[in-house]
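Note sheet for the following structure.
The values are calculated or read from the model by the stated rules, or taken from the named source; none is laboratory data. Only a predicted model underlies this, so the values are computations on that prediction, with no experimental measurement involved. Here the Cβ positions follow ideal geometry from the backbone for every residue, glycine too, while neighbour counts run over all protein chains shown.
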Amino acid sequence: MSVWTDKTANLLVDGEWCPGSGGRFETADPATEEVLGTAANATPADLDRAIAAARRAFDDTEWSRDVDLRVRCLEQLGTALHNHADELRELTIAEVGAPRFLTHGAQLDAPVADLAYFAELAAGYEWTRDLGVAAPMGMPSRRWTRREAVGVVGAITPWNFPHQINLAKLGPALAAGNTVVLKPAPDTPWCAAAVAEILHRETDIPPGVVNVVTSDDHALGAQLSADERVDLVSFTGSTATGRAVMAAAAPGIKRTFLELGGKSAFVVLDDADLGAACGLAAFTVCTHAGQGCALTTRLLVPRARYDEAVEATAKALRGIGVGDPGDPGTVCGPLISARQRDRVEGYLTLARREGGEFVTGGGRAERDRGFFVEPTLIAGLTNDARVAREEIFGPVLVILPHDGDDDAVRIANDSPYGLSGAVHGGDLERARAVAARLRTGTVGVNGGVWYGGDAPFGGYKQSGIGREMGVAGFEEYLETKLIAEPA
Ligand code: NAD
């Protein structure tokens, strides 16, 4: 894979692995701040060519109608990526700062394996369904539905879990028969380009079906959202950018599928094992330095045991600390960039101004280099504080007291977001009842892990529209056509 060996990456446009017309931009290692190499910098004209190629591949080839070809190509892609897993793993650790242990799950191996799930889903899918005969206006008619690909998908992705998010869009979009233009985040061009190169060299995916356009210019995302040749924008990123995507898509009444931010609550009920729950909450917020949209970042504990919970959580956070992402034991690596570290530090300053107490952490970790922030616990605030309401995207946990199950549900739901959550309790039925009342797309009960290729994931409220993965995620990429004939 030349991206990793030659330290540079190209664009994939209309079946060609080609340099962009905007020169090259650098990608760096967030743990060392060293430049890793360069990626092709696409211009608006390059993106325009990519959209035209995707349009042609959809309109003028059999791709959207040939399920067998798509199934075979997705299986090839899964196998090819699996065969390059060692290189992809090192690349991902270097470019994303992803802890090594996570590359054995959601940062690499899991989304690669999930491609087989989407291939299997397409192979066995009920593409047409007979609705039988009806005569609502006195004319007996036989009706059936056909599920068809939406068309050209513009996929816009963030940097935090690049393979997971890129492949969770490519897999179902291709399985459903769409063609794709993928615009990854400027911070992680290599992750997307490496997949593109492998796809280009080692699969039979026809030219134009997948186009990958890296750029340091966010405006390309806006261009892709607005272009009328694009039928669906599949976006993952911040809620603020999601709004801009919706606005850009509105004039063309373009479908938007949005996976956005979160401020998820970890609810500890009064019959829970408090120590175990606080330990898990600390581990969760430290995972990939808190750079996960669905990580729980508000810890809600019974008021009577608040001090005990504060102490247990702080101790667990201190025990985790930060580490080199390449080390198999590291949970909390660096933030992706100086910009993100500044953002997190801005929130720490705000927490201080709002009267928050740093029980542990509260600033940069003591390291010579890299964008590391200490695991931080903020106590002494209410859910009205901005640091309890806004997404920080760092290893920062706000601990809040609650006065029983109803109060915990009220606080958890008092958020503009609705992405995820967790409930811990000794009585499983009671914990399930609280989980059912959370207005979020996923909830883990007593440590249950909701992530999986077959498990629909997405947000309520301002955390998004639609579901990724699972059958629901696949069907986001389909239209429904109803055909009727005289019976
Ligand atoms: P971001 O919103 O800044 O950028 C995401 C992508 O949008 C990038 O590719 C960027 O170049 C592009 N973009 C920027 N401006 C655009 C515009 N006006 N129109 C179209 N595209 C534009 O997000 P980020 O900083 O890369 O990622 C972090 C955010 O992503 C967090 O808010 C996090 O919660 C969210 N996220 C959500 C999920 C989810 O599934 N719900 C998953 C991961 C990350």
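Overview of values
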| read-out | value |
| --- | --- |
| Of all residues making up region 102-115, the number that are among the hydrophobic types (A, V, I, L, M, F, W, C) and in contact with an Asp or Glu (Cβ under 9 Å, 6 or more places away or on another chain) | 1 |
| Those residues of region 309-353 which are of a type in the set (Lys, Arg) and more than 16 Å from the ligand (Cβ to nearest atom), in sequence order | Lys315, Arg318, Arg352, Arg353 |
| Test: residue in region 236-251 that is assigned by TED's automatic domain parsing to the domain that holds Gly473 and in a strand (DSSP E or B) | yes |
| Residue within region 33-40 that is free of Cβ contacts under 8 Å to residues at least 40 places away in the same chain and within 22 Å of Val153 (Cβ to Cβ) present | no |
| In region 136-166, the residues that are part of a loop (DSSP other than H, G, I, E, B) and small (Gly, Ala, Ser) | Gly138, Gly151 |
| Test result for Ala277, outside the structural domain of Thr236 (by TED's automatic domain parsing), free of Cβ contacts under 8 Å to residues at least 60 places away in the same chain and not charged (D, E, K, R) | no |
| Looking only at region 446-486, and only at residues there that are on the phi > 0 side of the Ramachandran plot and in a strand (DSSP E or B), the one that is surrounded by the fewest Cβ atoms within 10 Å (Cβ to Cβ) | Lys461 |
| Filter result for the condition that a residue is near the ligand (Cβ under 8 Å from one of its atoms), in contact (Cβ under 8 Å) with a residue 12 or more places away in the chain and over 27 Å from Thr38 (Cα atoms), over Ala240, Ala226, Ala265, Ala248 | Ala248 |
| Options Leu300, Leu258: the member that is within 14 Å of the ligand (Cβ to nearest atom), part of a strand (DSSP E or B) and either at pLDDT 95 or above or more than 24 Å from the chain's Cα centre (by Cα) (or both) | Leu258 |
| Scan of region 202-234 for residues that are within 23 Å of Glu62 (Cα to Cα) and in a loop (DSSP other than H, G, I, E, B), ordered by number | Thr203, Asp204, Ile205, Pro206, Pro207, Gly208, Val209, Glu228, Arg229, Val230, Asp231 |
| Any hit, region 395-405, residues being assigned to a loop (DSSP other than H, G, I, E, B) and buried (at least 17 other Cβ atoms within 10 Å of the Cβ) | yes |
